[in-house]
């Protein structure tokens, strides 16, 4: 199916590897012009070369740098139609044992960075009457993960911002959605799972997802066909999240 985004201009954050790269790859395969970023110049350059994209370097734990990435990508592309928001997760910890002083860094990386990227992209999208914003967040916004209080807190706040933004810009032709990844076969999951692999007992699909599966969902949310789909938080998890809402 032609997603109708050939020639559209896309900025994809944290796309040197993993789900960010899979998202950038899927958009490039649909003919979008892509600028991706990563924290390491060599890895970002290599990722961009693999898919015929351009690259920038950005520290995505710093909200100022996140905003600069969107501004610089927009300048490089001559405008911006698609923004995929992504970034590194905070350190683990429980609510009882995590000190209050640890929260600011998590909020910078997983809430304020989201806000700054979106606010940098939205004015141009509204002016042209077309835009797609897709944020890669976490299933923890539906059901908080044990031992990940910083991620649960910051990303829940980001979800509130994204859904509020979606209602404000929908009439301007701009959609705002977030995708909640489950277990996908990335280097990060392999490292975290160890030699035994991830526990799949709670995954009805009975397997880990491929990164390309996730990228395809992101690309669809950026498509012409998805123009009436906004304000969603969509799990891409093989059925692991089983809440009614």
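All of the numbers you see were taken from the coordinates with simple rules; none came from a lab. Not measured: the values here are computed from a predicted model. Glycine gets a Cβ as well: all are built from the backbone with ideal geometry, and neighbour counts include every protein chain shown.
Here the relative contact order of the chain, from alpha carbon pairs under 8 Å that lie six or more residues apart, stands at 21 percent.
Cβ crowding within 10 Å, taken as a proxy for footprinting-reagent exposure, orders 98, 91, 175 from fewest neighbours to most as 91, 98, 175. Rounded to the nearest 10 degrees, the angle from helix 41-51 to the longest Cα principal axis of the chain is 70 degrees.
When the chain is fully extended, how far beyond the present Cα-Cα distance does residue 170 get from residue 228, taking 0.36 nm per residue of separation?
Working: separation 58, 0.36 × 58 = 20.88 nm, distance 0.87 nm.
Fully extending the segment from residue 170 to residue 228 adds 20.0 nm.
Suppose we look only past 26 Å in the calculated P(r) of the chain. What percent of the Cα-Cα pairs does that tail hold? Each step should come with its number before you reach the end.
Numbers: 10132 of 29890 pairs.
Tail of the P(r) past 26 Å holds 34 percent of the pairs.
When 155, 9, 126 are arranged by Cβ crowding within 10 Å, least crowded first, meaning fewest neighbours, the order is 126, 9, 155.
When 241, 55 are arranged by Cβ crowding within 10 Å, least crowded first, meaning fewest neighbours, the order is 241, 55. Our summary gives segment 1-94 a relative contact order of 32 percent, counting only alpha carbon pairs under 8 angstrom and 6 or more residues apart.
Tell me the mean residue ellipticity at 222 nm calculated for the chain from its helices only (DSSP H runs of n ≥ 4, each -39500 (n - 2.57), averaged over every residue, nearest 500). Mind dumping the intermediate values first?
On the way: 8 runs with 98 residues, N = 245.
Only helices count here, giving -12500 deg cm²/dmol.
Relative to the present Cα-Cα distance, how much length would full extension add between residue 96 and residue 41 at 0.36 nm per residue of separation? It would help to have the intermediate numbers written out before the result.
On the way: separation 55, 0.36 × 55 = 19.80 nm, distance 3.78 nm.
Contour length minus the Cα-Cα distance gives 16.0 nm.
In whole percents, the pair-distance distribution calculated for segment 106-166 from its alpha-carbon pairs, binned every 10 Å from zero, is 22, 49, 22, 6, 0. Our note on the geometry: Cα centres of segment 100-174 and segment 13-55, 21 Å apart. Could you tell me how many degrees, from 0 to 90 and to the nearest 10, lie between the Cα long axis of helix 113-128 and the main elongation axis, the longest principal axis, of the Cα atoms of the chain? For helix 113-128, the angle is close to 30 degrees. Can you tell me how segment 199-245 classifies by the Cα gyration tensor, rounded, prolate or oblate, using a/c under 1.5 as the rounded cut? Since a/c reaches 1.5 but b/c is at least a/b, the shape of segment 199-245 is classed as oblate.
Subtracting the Cα-Cα distance of residue 205 and residue 143 from their residue separation scaled by 0.36 nm leaves 20.4 nm.
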